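Here, each number is a calculation from the coordinates, and none is a lab measurement. Please read all numbers here as calculations on a predicted model, not as lab measurements. Positions of Cβ are backbone-derived with ideal geometry, glycine not excepted, and every protein chain shown enters the neighbour counts.
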Amino acid sequence: MRTLKIRGASAPEPRSMRRLSWLAGILLLLAPLAFSGCGDDATGPTGRLEVAVYQDGRTGVPGKQIEIRETSQSARTGDDGQAVFTLPAGRYVVRAYEIALPGPGRPWVEETIGVVAGETVQVEFFDCPLCR
């Protein structure tokens with residue numbers, strides 16, 4: 001019967017350890033750069049989102065807070081009741097705050113939309129002044 005002896009790896013030399021820790025430090029410093037294109041800063045083809053808040057189907061409601069949930073983008077509607085966003089292609093939840101609706105009060109209403117590169121998507125919210 002044969003006996004096979006396997007030698008374990010020897011302990012690394014101090015010089016090798018310094019090199020390894022130096023390389024690990026460089027990788028830790030460069031790691032954030034690898035993910036810098038993620039999230040709100042994503043580049044690529046974009047589309048346009050136009051959000052309108054109306055009272056009677058024609059009159060825009062100024063000052064309503066609009067938020068795009070998957071991003072850090074938000075804006076208030078202008079004098080015409082409109083807020084405009086430029087977004088990378090994808091699906092988003094558009095949230096409008098302080099919109100009065102029939103029934104129990106809610107702090108916001110939201111709509112899920114899809115943005116397509118090079119196209120404009122329009123979302124309308126109806127603010128019921130008699131429902132307050």
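As a rough footprinting exposure proxy, the listed residues V84, V53, V115 were ranked by other beta carbons within 10 Å of their own, and the order from fewest upward is V84, V115, V53.
Loop-located GluC sites (Glu not before Pro) across segment 79-120 with a Cβ neighbour count of 13 or fewer within 10 Å are E119, with loop assigned by DSSP.
Placing unit charges on the Cβ atoms of the charged side chains and taking the dipole of segment 57-132 about its Cα centre, the candidate lying farthest along the positive direction among I68, I99, A89 is I99. Between E124 and D80, the contour length at 0.36 nm per residue exceeds the alpha carbon distance by 14.6 nm.
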